[in-house]
Amino acid sequence: FSTTVKNSVFLVVATVSLVLILGGLASFSLARLNPPGSNLFMMVMVVGSTLPIWLFMVPLFILWRKLGLMNNLFGLVLIYTALNAPIAIFLLRSYMVQLPPDFEDAARVDGASDLQIFTNIIMPLVWPGFLTVGLVVGMGVWGEFQIALIFVTNPELFPVTTSYWQF
């Protein structure tokens, strides 16, 4: 049980960290930098978050086997990050769009870069959104069963839910 708890904690911490970093940067660029096609990309994110994983499970399984990511916790982290990134981007972008741009304009006048604006101004203001996304993703990864059951067969790499089933 102690091994599987360590595995689950690793999966949760790594996935939440990746989702928050990548989702935060992507949502900032979509909300504030307005790249061409950002609205189309958001529509793809919304549609992508509604598609069930079972639509692409067989090709993903074949790809993971060819890449050597079966029985690998890093492989599970990649899958969990890809599954949770669309909803994280959608939620964080929705939160960032509502912020007034005055703080950013003042920082740009003072010579701040986009990364400094994101880390020093946007992140403290959007902290409740990051907390919400982190909690939702963390709870989802902790309780996830089916993907871990398919992609991990080594009992030493099982997360908690899969080890209970194996027991």
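Some notes on this structure:
- Surface per residue (accessible, 1.4 Å probe) for the stretch 88-129, Å²: 60 Å²
- Taking a Cβ cut-off of under 14 Å around residue 59, the surrounding Lys, Arg, Asp and Glu residues balance to a net charge of +2, with basic ones at +1 and acidic ones at -1.
- Mean Cα-pair separation over length for the stretch 10-167, i.e. relative contact order, pairs under 8 Å, 6 or more apart, %: 38 percent
- Set of the stretch 133-167 residues, backbone N closer than 15 Å to the point 7 Å along the Cα-Cβ line of residue 54: 145-147, 150
- Modelled label positions at residue 153 and residue 102, each set 7 Å beyond Cα in the direction of Cβ, lie 6.2 nm from each other.
- Placing dummy labels 7 Å off each Cα toward the beta-carbon, the span from residue 6 to residue 94 is 3.9 nm.
- Computed over protein heavy atoms with a 1.4 angstrom probe, the accessible surface ordering of 103, 151, 90, largest first, is 103, 90, 151.
- Taking percent of Cα pairs over 27 Å apart as calculated from this structure, the corresponding entry among (1) 48; (2) 24; (3) 34 is (3).
- Using a Förster distance of 41 Å, the FRET efficiency for residue 72-residue 109 (Cβ separation, nearest 0.05): 0.30
- Between the residues 21, 39, 57, the greatest Cα displacement towards the positive end of the dipole of the chain, with unit charges on the Cβ of Lys, Arg, Asp and Glu, is found for 57.
- Distance histogram for the stretch 105-167 (every C-alpha pair counted, 5 angstrom bins, percent rounded to whole numbers): 3, 16, 16, 11, 9, 8, 9, 10, 7, 6, 4, 1, 0
- Rounded tilt (10° steps) of 127-142 against the dominant C-alpha axis of the chain: 10 degrees
The values are calculated or read from the model by the stated rules, or taken from the named source; none is laboratory data. Note that the structure is predicted; figures quoted are calculated from it, not measured. Every residue, glycine among them, receives a Cβ derived from its backbone with ideal geometry; neighbour counts consider all protein chains shown. Heavy atoms of the whole protein, side chains included, go into the accessibility calculation; ligands, DNA and RNA do not. Shrake-Rupley method; radii C 1.70, N 1.55, O 1.52, S 1.80 Å.
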